Every structure is written in structure tokens, then in C-alpha cells.
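Everything on this sheet refers to the single structure shown next.
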Amino acid sequence: MLEVRDDSATAFEELMRRYQDRLVTVLEHLVGHREQAEDLAQDVFLRVYRSRKSYIPGSKFSTWLFTIANNAASNSRRSRSRRKEVNVDSGASLSTGAFGIEQMAQAASGFMPARLADKAEMRDIVREAIATLSERQRMAVLLCKFESMSYEEIAEAMEMTPQAIKSLLSRARGNLREVLEPYLDSGSRERLQSNEGN
């Protein structure tokens, strides 16, 4: 980032290469849509570039980056709640319901083993469970589990105290356990979806 501050385009490209996928993944969990997450990631990198001259190396770059990402996601959710938007999932076909054409072809051809289906289902279940958390809990869990950030780094990124982050993560784990337990006990996704309404 110090090289970026000194106007190195190569260094900026390297930062984007290193962090783009991770940033998009976290943002997708926060806003719920891949395309919107990709747009927000571009916005975050634009903000990083614009503020490069004021960058002061006090903490890890990733902490600073995810602070900007957290603010961008919060602003996007607020803006979105003021507007009525209709999202069309480009991966799903109207004639095939919830399954996209590619998934239907894989399943019909027998190339989709049960183990892959189980992993995909579990990933979806965890994603749905994370989506039931409050915004703050979700961000803390994502930074802790996906970015392996310490309590102190998460606290800095979310502008909270480390003790508040510990408490937030504890409540988030309890909420996730409550949402996931019925599914893990019964293997039924319907039980998970009925918990989401609670």
C-alpha cells in the first residue's frame, strides 16, 4: 500500500489481485447478491485508490480494506432499503425453477456425485444460516472465519472494542447453533427454513 500511495499502478494491481476474491466473498455474504458484491468490491478499490495519499500504515492493510468494505456494504443496504429493487437471478431459468440449466444437465447426466451434492447443500445451509444473523454479527463472523482476523483487527475494522467483538461473536455462534441444530439433527432443510421465521 505504501507503493500505491507513491502512485505505483503495478502495486495497486497486485493489491487487487490479492484481495479481490476475498473481498467479493465477504461482500456477497453481506449484501446477498454476487453481482452487487462485485460492484461494491470495485467501489471499495476505487475508494482505496482515491484515498491512497492519506493512507497511514498503522495497522494491517486488510483491516483498513475491510473497514472500507463494511462501510460500503452498510451504505448499499441503506440505499437499497430506500429503493424498491427487483433482482433476477441470472443463473436460474424460469422454466427450471430453482435449478439452473447447468445444474439440471449435471444431475441428469449422472456427473454430480452424492458427495458433491451433500457438500453443496451444506454450503448453502451455512450460507442461509449466516444470512439470518444481524448485519454486525454477520460481518464479525465473516472477518473471523473467512479472513482469520483477530478480535483486535475485527474491532478496528468494525469500529468497536475487542470485548464487544467477543460478545458479538459469542451471540452469533449461539444464533448459528440454534439455526443449524435442527437441520443437523434431522437433515431436513424445511426445519432450517421454519427457524428463519423465528
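Bear in mind that the values in this text are calculations on the coordinates, not laboratory data. Values in this document were obtained by computation on a predicted structure and should not be read as measured data. Reconstructed Cβ throughout: ideal geometry from the backbone, glycine too, with neighbour counts over all protein chains shown.
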Taking every alpha carbon pair in the stretch 1-89, what does the distance histogram look like in 10 angstrom bins from 0, in percent?
16, 48, 26, 9, 1
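Magnitude of the Cβ-charge dipole of the stretch 112-187, K/R +1 and D/E -1, about the Cα centre, nearest 20 debye?
Charge dipole of the stretch 112-187: 120 debye, to the nearest 20.
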Kirkwood Rh, Cα Rg: Rg to Rh for the stretch 112-187?
1.07
Quick one: order Ile68, Ile56, Ile154 by neighbouring beta-carbon count within 10 Å, fewest to most.
Ile56, Ile68, Ile154
